[in-house]
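Got a structure for you, written out below as structure tokens; questions coming shortly.
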Amino acid sequence: DFFPENDSLIQQCNVSNCFAMDDGSAECGYINKSKSGKMAYKIEFQQADSVYGLQLCFDPVAALKLKSTSYRFNIKIWSEELSKPVSLIFDNGSTYPQYSDSTRMPFTTYLFKTPLFLPKANYYIGIEQFVADGIPIGFDRNTDFSNRLWIDVGAGWQVSSLYGALMMRPVVGS
């Protein structure tokens with residue numbers, strides 16, 4: 001090679017403190033049309049760690065009607081039994097959708113009042129909504145984590161049948 005500056009490749013990799021199943025862009029929105037509808041990701045903790053919060057990307061197009069404070073939700077964590085979410089072990093209390101102005105990082109971070117220490121095990125981290133119309137969350141159609149996404153529309157927990165990834169990221173740290 002005649003150009004020594006052309007013999008190297010540098011790649012920057014940003015490592016973050018969240019479990020990201022999505023690629024960062026929402027191709028559409030996902031709505032659980034059930035009052036008390038639940039959505040959660042199965043997270044496998046390979047070692048004990050603390051959960052500090054949850055990042056959510058709310059779908060801004062579908063959100064045009066969400067100006068009311070009646071669209072509340074709770075961030076929750078469930079333990080696992082027989083490979084399903086079972087017992088509620090954490091509830092952060094009610095909160096409301098907030099929409100990010102950033103197109104580069106369209107997530108809103110909801111930090112817990114107190115971080116939750118979890119031992120090595122499988123957990124389900126997500127939300128329970130309290131409105132029958134549903135709260136539209138960004139949905140990545142390019143990356144498939146449907147096998148880790150669990151949905152409850154009122155008839156019990158089921159693995160999602162939709163190809164893609166809900167834009168919901170648990171925030172962790174030691």
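The values are calculated or read from the model by the stated rules, or taken from the named source; none is laboratory data. Everything numeric here is computed off the predicted structure, so don't read it as measured data. So basically every Cβ, Gly included, is an ideal-geometry build from the backbone, and we count neighbours across all protein chains shown. Side chains included, ligands, DNA and RNA excluded: accessible areas come from the protein's heavy atoms. Shrake-Rupley method; radii C 1.70, N 1.55, O 1.52, S 1.80 Å.
For Lys33, which of the numbered conditions (1) of a type outside the set (A, V, I, L, M, F, W, C); (2) in a loop (DSSP other than H, G, I, E, B); (3) open to solvent by less than 80 Å² (accessible area, probe 1.4 Å) fails to hold?
Going through the list (1) of a type outside the set (A, V, I, L, M, F, W, C); (2) in a loop (DSSP other than H, G, I, E, B); (3) open to solvent by less than 80 Å² (accessible area, probe 1.4 Å), Lys33 breaks only (3).
Looking at (1) open to solvent by less than 60 Å² (accessible area, probe 1.4 Å); (2) over 17 Å from Ile43 (Cα atoms); (3) in a strand (DSSP E or B), which is the one condition that is false for Tyr71?
Against the list (1) open to solvent by less than 60 Å² (accessible area, probe 1.4 Å); (2) over 17 Å from Ile43 (Cα atoms); (3) in a strand (DSSP E or B), Tyr71 comes up short only on (3).
Of everything in the stretch 105-128, what is surrounded by fewer than 17 Cβ atoms within 10 Å (Cβ to Cβ), in a loop (DSSP other than H, G, I, E, B) and hydrophobic (A, V, I, L, M, F, W, C)? Give them in sequence order.
Met105
Could I ask something else about it? For the stretch 77-85, state whether one or more residues are out of contact with any Ser or Thr (no Cβ under 6 Å at 6 or more places or on another chain), surrounded by fewer than 18 Cβ atoms within 10 Å (Cβ to Cβ), modelled with pLDDT under 95 and assigned to a loop (DSSP other than H, G, I, E, B).
yes
Return the residues of the stretch 8-30 that are surrounded by fewer than 21 Cβ atoms within 10 Å (Cβ to Cβ) and part of a strand (DSSP E or B); say none if nothing qualifies.
If the condition is that a residue be surrounded by fewer than 21 Cβ atoms within 10 Å (Cβ to Cβ) and part of a strand (DSSP E or B), then Cys18, Cys28, Gly29 are the ones that fit.
Continuing with the same structure: Between residues in the stretch 97-125 that are on the phi > 0 side of the Ramachandran plot and modelled with pLDDT of 95 or more and residues that are of a type in the set (Lys, Arg) and not in a strand (DSSP E or B), which pairs lie under 9 Å by C-beta distance while being six or more apart or on different chains?
Close Cβ pairs satisfying both conditions: none exist.
Can you tell me how many residues within the stretch 114-135 are within 16 Å of Glu81 (Cβ to Cβ) and out of contact with any strand residue (DSSP E or B) (no Cβ under 7 Å at 6 or more places or on another chain)?
1
At pLDDT below 90, under 16 Å from the mean Cα position of the chain (by Cα), open to solvent by less than 70 Å² (accessible area, probe 1.4 Å) and of a type in the set (Ser, Thr, Tyr): is that true of Ser146 in this structure? Spell out the reasoning first.
Values: at pLDDT below 90: no; under 16 Å from the mean Cα position of the chain (by Cα): yes; open to solvent by less than 70 Å² (accessible area, probe 1.4 Å): yes; of a type in the set (Ser, Thr, Tyr): yes.
Judged against the criteria, Ser146 is not a match.
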